[in-house]
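This report refers to the structure that appears directly beneath it.
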Amino acid sequence: MSSAYQLALQQLCDSALPTGAFAHSLGFETYIERGGVADEGSFGVWLSAFISQQLTYSDGLAIRFLYEDADVGELDEHLSAQLLPRQIREASTKMGARLLEIGTEVFPSAELEAYRALVTTGRAAGHQTLAFAVVARSLGVPFEEALAGYLFATVTSLTQNAVRAIPLGQNSGQRLLRKAHDDVAAAVEHVRRLGRDDFGAVSPGLEISQMRHEWQRARMFMS
Amino acid sequence: MSGAVLGESRAGISPGRVSSPPAASPDLGPCPLRGAHHAAAPKSGSAASSVVPPRGELSLRIAERAGRSVAVQQFHQGALRVLRPHYLDQSGQVCYVMVNPGGAYLGADLYVVDVEVEAGASLLLTTQSATKIYRTPGSFAEQRMSIRLGEGAQLELAPDQLIAYREASYRQDTHVTVRPTSSFVMAEVITPGWSPDGVSFKYRELRLRNEIQVEGDDGAVLLALDNLLIRPPLADVTGMGFMEGYSHLGSLVVVDPRVDQALADELNRLTAEYGAYSGLSLTRTLAGTTGMFLRSLSNSTEELNRLLGACTGLLRERWYGRAPLNLRKY
């Protein structure tokens, strides 16, 4: 075993971690409904945009700021303000609540307890990204490993959801994940170079699709 | 504020400015919650930390006097001023038109706008023409806007569209502070720009950032952080997941205690009637007030203006019994 945190990080990033990620498309279901996402190739285009936009400018930067000692309460407030599509904000806090709960049981730390206390007293919303970052940091996971782990875990859940929803074959899903390695690596590099003012600069197209999902008639996913 | 107090609709005389040393450096602030750009932009919207004085500066304070909203403080300097105020209807709302006599933003230009609408007053603030950003070699043009609304105060911000030309970089930073009973409406259109060869998206960077905070009895809380960053040279911004094949972007921001899901549903139905791909959603509710964001992609400024006009028209009618805006006749 190379590092003490390895197995913990694997558990935290496992798509079987019961946070409810299977219930969220984070906007791609809107593209399926409009026909923009219909097969392996088109889902790959969406996934790539999602990684370089949402996961970079919102989630990725939030994780970096937390690792740079930003106040978790302030970051939580900024995430709540920045996630403009309601379903995305709610997905984040719904999965965040589960992760806070699981983390408290299996990876307890003073930092996690402090964040959870903010949430239970109504002073923070409890975002999944921050709960993940707090746990990973408390376990001693270096920043870049934590970030890459988080990004790829999200990509894996989304791809599994797409395999069910589009639907795609299982091998398609694996090819998509392999191709996403490069996008995740690029995102990790990009997140390192961004500044405070870049936080939350998610593209209009992704946000619109996430907003439109609220009014979509037939849906498999909560977001 | 260093603004001179002047009678309404009179031009200010430029006072001397003292500039403090330059704020530390560019984009990539290493420290987490304080990017350099923001460190250089104090909440007041003053440009005191800039190396050079702003190219244009405008400050306007509106208050309610005997049923009419009037400017109680007005100051401008350099390449920004306002036209004489007018009243579009009998509601007492005052309308000011911002003018940039130079007609365009160039490299390293800084414009600073500071607007306060006091309790119970109402302001409609618009522009005389499109905001045009020309080439900004090696630097960027910038507008910093600071808006403060008192209890029951209303502001409708309806600038003309933004056009960024070839090799232009532009930053617009808007800080809005509302009280729980304030009403804030802002509609904006961004075009894909223009270049001599007719190809769009030839500008270098557009960065438009709106921070809206609600100041309640327990202090201020960030309600919305609306950040738009378009950098055409870095990646294809035209396709799926970004501009979705469209060229123009419209946005509407409403913060008002009367914003609720029923209104969102209604506006969402309204947007479907226009030639645009739109989405709309509510922020969380803080201290009794809620924000609503509408984003629309289209291929035409006119279509977006019609869509945004229909939405603001509905709000004007519903909340104040006012007619829809028809600014072009003035």
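The values are calculated or read from the model by the stated rules, or taken from the named source; none is laboratory data. In this text the structure is predicted, and so the values were computed from the model without any measurement. All Cβ positions, even for glycine, are placed from backbone atoms using ideal geometry, and neighbour counts span all protein chains on display.
Just a few scattered comments:
- Selection of region A:26-55 for residues being more than 11 Å from chain B (Cβ to nearest Cβ) and surrounded by 24 or more Cβ atoms within 10 Å (Cβ to Cβ) yields A:LEU26, A:GLU29, A:LEU55.
- Check on B:ARG171, of a type in the set (Lys, Arg) and crowded, with 22+ Cβ neighbours inside 10 Å: no
- In region B:226-254, residue modelled with the highest pLDDT [restricted to those that are of a type in the set (A, V, I, L, M) and out of contact with any Ser or Thr (no Cβ under 9 Å at 6 or more places or on another chain)]: B:VAL253
- Residue match in region B:226-239 (condition: small (Gly, Ala, Ser) and either assigned to a strand (DSSP E or B) or crowded, with 17+ Cβ neighbours inside 10 Å (or both)): no
- Here region A:56-80 is the region considered, the condition is being touching a residue at least 24 places away in the same chain (Cβ under 8 Å) and hydrophobic (A, V, I, L, M, F, W, C), and the residue that is surrounded by the fewest Cβ atoms within 10 Å (Cβ to Cβ) is A:VAL72.
- Region B:175-200 - residue that is out of contact with any Leu (no Cβ under 8 Å at 6 or more places or on another chain) and buried (at least 20 other Cβ atoms within 10 Å of the Cβ) and, of those, modelled with the lowest pLDDT: B:GLY193
- Scan region A:185-223 for residues that are part of a helix (DSSP H, G or I), in contact with a Lys or Arg (Cβ under 8 Å, 6 or more places away or on another chain) and more than 20 Å from B:ASP236 (Cα to Cα) and the total you get is 6.
- Only a single criterion out of (1) away from every other protein chain (no Cβ under 14 Å); (2) under 30 Å from B:SER278 (Cβ atoms) is not satisfied by A:GLN210, namely (1).
- Out of A:GLY36, A:GLY44, A:GLY27, A:GLY60, sole residue that is in contact with a Pro (Cβ under 9 Å, 6 or more places away or on another chain) and either under 18 Å from A:VAL184 (Cα atoms) or at pLDDT 95 or above (or both): A:GLY27
- In region B:277-291, the residues that are at positive phi form Cβ pairs under 7 Å with partners that are surrounded by fewer than 23 Cβ atoms within 10 Å (Cβ to Cβ), at six or more places apart or across chains, as follows: B:ALA287/B:PRO180; B:ALA287/B:GLY216; B:GLY288/B:PRO180; B:GLY288/B:PRO257.
- With respect to (1) within 14 Å of another protein chain (Cβ to nearest Cβ); (2) closer than 22 Å to A:ALA218 by Cα; (3) of a type in the set (A, V, I, L, M), the lone exception for A:ALA23 is condition (1).
- Filtered by the rule that a residue be touching a helix residue (DSSP H, G or I) at 6+ places or on another chain (Cβ under 8 Å) and either without any contact (Cβ under 8 Å) to a residue 60 or more places away in the chain or facing chain B (nearest Cβ under 7 Å) (or both), region A:189-198 gives A:GLY195, A:ARG196, A:ASP197, A:ASP198.
- When each of B:SER139, B:SER129, B:SER59 is tested for being assigned to a strand (DSSP E or B) and either buried (at least 21 other Cβ atoms within 10 Å of the Cβ) or free of Cβ contacts under 8 Å to residues at least 40 places away in the same chain (or both), the lone residue that passes is B:SER59.
- For B:LEU155, the test of being hydrophobic (A, V, I, L, M, F, W, C), within 14 Å of chain A (Cβ to nearest Cβ) and in a strand (DSSP E or B) is failed.
- From B:VAL259, B:VAL254, residue being crowded, with 19+ Cβ neighbours inside 10 Å, touching a residue at least 40 places away in the same chain (Cβ under 8 Å) and at negative phi: B:VAL254
- Take the conditions (1) of a type outside the set (Ser, Thr, Tyr); (2) in contact (Cβ under 8 Å) with a residue 12 or more places away in the chain; (3) under 30 Å from B:VAL214 (Cβ atoms); B:HIS86 misses just one of them, which is (3).
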